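Q: Please find one structure pasted underneath; my questions will follow.
Coordinate-derived values only; no laboratory data. Source: prediction; values computed, not measured. Methodologically, a virtual Cβ is constructed for each residue, glycine included, from the backbone with ideal geometry; neighbour enumeration extends over all protein chains shown.
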């Protein structure tokens, strides 16, 4: 796993192997991450990354949020309850020397504390457990999602937009579906 583009392009992230199914670590592959960021940077959604605040729910290794930082995001808040994930996120933040513009919240993504609105939200819950919609609702209720925020939801199937969100696009990459949503505040 590596950073695909931006200022940290080519930097290898802390290895996780094939993931840890017990800890629900299933890193987004470089290929899927590259395709995802090509869509984000392609202009269809304006410029959803430069100088924005990012929320990375079920952050795992932190690769999605760190990729956004590498490409110009101003701040990323990582949320993960797993000890192994927290260790990987901290190691990757340190590796890129991005402590000043990141925060790690060690909690369940469905039980967030109050927060500051973010413009880009990555949502990568354990597949097939129904946690994505719950985490999205918690983030919305606790003030983490800014008006018109773009949500990037990775799952094993295309997702239906919950109330207050609009589906913009859905793409399939092998067994991974990416659903792009807009928060309609």
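Q: Starting from 0.36 nm per residue, how many nanometres of slack lie between residue 142 and residue 107 once their C-alpha separation is accounted for?
A: 11.2 nm
Q: If I take R0 = 30 Å and measure r between the Cβ atoms of residue 34 and residue 94 in this structure, what FRET efficiency does the formula 1/(1 + (r/R0)^6) give, to the nearest 0.05?
A: That gives a FRET efficiency of 0.80.
Q: Can you give the calculated 222 nm mean residue ellipticity of the chain, where each DSSP H run of n ≥ 4 adds -39,500 (n - 2.57) and the sum is split over every residue, rounded to the nearest 500 deg cm²/dmol?
A: -7500 deg cm²/dmol
Q: Please arrange 152, 79 by how many other C-beta atoms lie within 10 Å of their C-beta, fewest to most.
A: With the sparsest Cβ surroundings first, the list reads 152, 79.
Q: With Cα Rg over 2.2 N^0.38 Å defined as stated, name the option among [x] 1.01; [y] 0.91; [z] 2.26 computed from the structure displayed.
A: [y]
Q: Same structure again: Sort out for me the Cα centre separation of the stretch 51-79 from the stretch 131-151, rounded to whole Å.
A: Distance between centres, Cα-based: 15 Å.
Q: While we're looking at this one, here's another question. Rank-order 80-87, 156-163 by packing density, defined as the average count of other C-beta atoms within 10 Å over each peptide's residues, highest first.
A: Result, highest mean Cβ count within 10 Å first: 80-87, 156-163.
Q: By how many nm would the segment from residue 11 to residue 47 grow when fully extended, if each residue of separation counts as 0.36 nm and the alpha-carbon distance is taken off?
A: Result: 10.6 nm gained on full extension.
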